[in-house]
Amino acid sequence: MVRPAAWGIAVTLMAGLAPVLPARASDLPIDRIRAEVSRLVPPLWTVEEVTADLIPAPASDGKAAAKSADSRTAVRIGAKLRLAKPTYVVESRDGAVTFIRPVAEAGLEKALTATALATRGPNGWSARIELRNPEVLEGIGQPLEELPGRPVLSGSAEANRLREQIARDAEARGAEEDARRRREEDLLARQAAATKAEEERAAAERRQEEARAARIADLRARILGADRPARIAAYEAALGGNDPSLRQIAMEAALQSRDPVLGNLALKDWIARRKAVPVQLYATKEDPHSETVLNNLGPLTLEIDSVNPVNGALAGRLGAPGYSIAKPSAAIGTLAQTTLTVNAYGCALSLRLTEQQTLDGLFRCQTLPALVARVVVD
């Protein structure tokens, strides 16, 4: 419903009442006044009766009227209004449901008063109507069809049922929200625990790596130090440990130390951990027939059966399938400091540790030319 503040307080009737606004109330055009009043009143109201009485025209700007009585006149208007439909106000809303409370029944009567001031100008008479008590149209609510949502009368059985349903739905939503929040909190807790566990694992790994790096640095320093007993003790400690990489580092450091005792220990351990040692052969420049022998020999292999960790004595098989004279046969050998000597049927292999971590020497078989031999210590 349109509120009075939106109507303004006056309306101008151009040439509608003029020239028929006479000096006597009985000659007033009540139908036209009724029509104008009806236009000013919201459609919710029905204009039942309109009265009009001539009154003295007010002076302009508080001064005496400058115009003659036949150019200005005023009319007091009274209108009896009747409410056409029952009205309501919104008590509360919940989703699509609007709970309403009745305000006024259809047939409610109100009295509206107004003043019409008529003025005659070059184009004829014009009149301005001003409502004097527009507040009588306020505070009566709205008709049912203008209310938002689904209107339900408060206090009715339907309203009570809907309120109970809304309360149940709200409780269910609350329970669902609580469950969702608990799931989120549980997920966050699990994620936090996983993150913490990962951080602790990474920290433990860092500590292990740092400790291992410290052990490696200490091992290298001790093996390469000036104190031979300390070098040997450090090597044996690493050799007896369960860290393969640390053992490999100790062996490499021992082989690089140029200490014959450490080199001997490292070579004995290296040989004892292998079943077979491949021997690389090369021709010599001094004897041109060595190239022919090399081409006819098959791969030379030293097979290890046993190694004495005390004196370095070993037993196994040595040979190559190319020549019958060098065919694989039982072999015995010894590791004296960093020199390895192996003898088999008619053949001998003599090797010495080099700075390049290889065992280099010669392979001889009776009347065959000698060949250069090499074993890579890896």
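When we screen L219, L281, L255, L267 for residues that are over 58 Å from the mean Cα position of the chain (by Cα) and open to solvent by less than 40 Å² (accessible area, probe 1.4 Å), the only hit is L281. When E158 is tested against the conditions (1) touching a strand residue (DSSP E or B) at 6+ places or on another chain (Cβ under 7 Å); (2) of a type in the set (D, E); (3) touching a residue at least 24 places away in the same chain (Cβ under 8 Å), the lone failure is (3). If you go through region 79-95 and keep only what is in contact with a Lys or Arg (Cβ under 7 Å, 6 or more places away or on another chain) and open to solvent by 70 Å² or more (accessible area, probe 1.4 Å), you end up with just E91.
From the list P148, P102, exactly one residue is in a strand (DSSP E or B), at pLDDT 90 or above and not basic (K, R). Which is it?
On inspection, the qualifying residue turns out to be P102.
Regarding region 208-230, can at least one residue be identified that is in contact with a Phe, Trp or Tyr (Cβ under 7 Å, 6 or more places away or on another chain), within 23 Å of Q356 (Cβ to Cβ) and of a type outside the set (G, A, S)? Checking region 208-230: at least one residue is in contact with a Phe, Trp or Tyr (Cβ under 7 Å, 6 or more places away or on another chain), within 23 Å of Q356 (Cβ to Cβ) and of a type outside the set (G, A, S). Looking across region 292-315, the residues that are without any contact (Cβ under 8 Å) to a residue 24 or more places away in the chain, open to solvent by 50 Å² or more (accessible area, probe 1.4 Å) and either part of a strand (DSSP E or B) or of a type in the set (G, A, S) (or both) come down to D305, S306. Filtering region 317-346 to residues that are part of a loop (DSSP other than H, G, I, E, B) and under 21 Å from G263 (Cα atoms) leaves Q337, T338.
Listed by first and then second residue, the pairs with beta-carbon distance under 7 Å, at least 6 apart or on different chains, first residue in region 262-289 and without any contact (Cβ under 8 Å) to a residue 60 or more places away in the chain and part of a strand (DSSP E or B), second open to solvent by 50 Å² or more (accessible area, probe 1.4 Å) and of a type outside the set (V, I, T), are A276/E303. Residue check: D287 meets all listed conditions (1) within 54 Å of the chain's Cα centre (by Cα); (2) closer than 25 Å to L302 by Cα; (3) of a type in the set (D, E) but one, namely (1).
Which residue is surrounded by the most Cβ atoms within 10 Å (Cβ to Cβ), if the candidates are limited to region 108-148 and must be among the β-branched types (V, I, T) and either closer than 13 Å to L40 by Cβ or touching a Phe, Trp or Tyr at 6+ places or on another chain (Cβ under 6 Å) (or both)? Out of the qualifying residues, it is I129. Cβ-Cβ distances below 9 Å connect the following pairs, each with a first residue in region 332-355 that is over 26 Å from E252 (Cα atoms), a second residue that is charged (D, E, K, R) and surrounded by fewer than 23 Cβ atoms within 10 Å (Cβ to Cβ), and a separation of six or more residues or different chains: A344/R317; Y345/K327; C347/R364; A348/R364.
Determine, yes or no, whether A276 is of a type in the set (A, V, I, L, M, F, W, C), closer than 22 Å to L359 by Cβ, open to solvent by 60 Å² or more (accessible area, probe 1.4 Å) and touching a strand residue (DSSP E or B) at 6+ places or on another chain (Cβ under 6 Å).
So A276 does not fit the description; no.
One residue stands out in region 316-325 among those that are within 15 Å of P278 (Cα to Cα) and touching a strand residue (DSSP E or B) at 6+ places or on another chain (Cβ under 7 Å): the one that is most open to solvent (accessible area, probe 1.4 Å), namely R317.
The single condition among (1) surrounded by fewer than 14 Cβ atoms within 10 Å (Cβ to Cβ); (2) touching a residue at least 12 places away in the same chain (Cβ under 8 Å); (3) assigned to a helix (DSSP H, G or I) that R207 does not meet is (2). Could you check, for region 182-193, whether at least one of its residues is surrounded by fewer than 10 Cβ atoms within 10 Å (Cβ to Cβ) and at pLDDT 90 or above? Looking for residues that are surrounded by fewer than 10 Cβ atoms within 10 Å (Cβ to Cβ) and at pLDDT 90 or above, one finds none in region 182-193, hence no.
Any chance region 362-375 includes a residue that's within 60 Å of the chain's Cα centre (by Cα) and crowded, with 18+ Cβ neighbours inside 10 Å? Yes, the conditions are met somewhere in region 362-375. Taking residues in region 38-49 that are under 15 Å from A106 (Cα atoms), and partners anywhere that are acidic (D, E) and in a strand (DSSP E or B), the pairs with Cβ atoms closer than 8 Å and at least 6 places apart or on different chains are E48/E109.
The values are calculated or read from the model by the stated rules, or taken from the named source; none is laboratory data. The structure displayed is predicted, hence computed values, not measured ones. Cβ coordinates were reconstructed from backbone atoms using ideal geometry, including for glycine residues, and neighbour counts include every protein chain displayed. Accessible surface areas use protein heavy atoms only, side chains included; no ligands, DNA or RNA. Shrake-Rupley method; radii C 1.70, N 1.55, O 1.52, S 1.80 Å.
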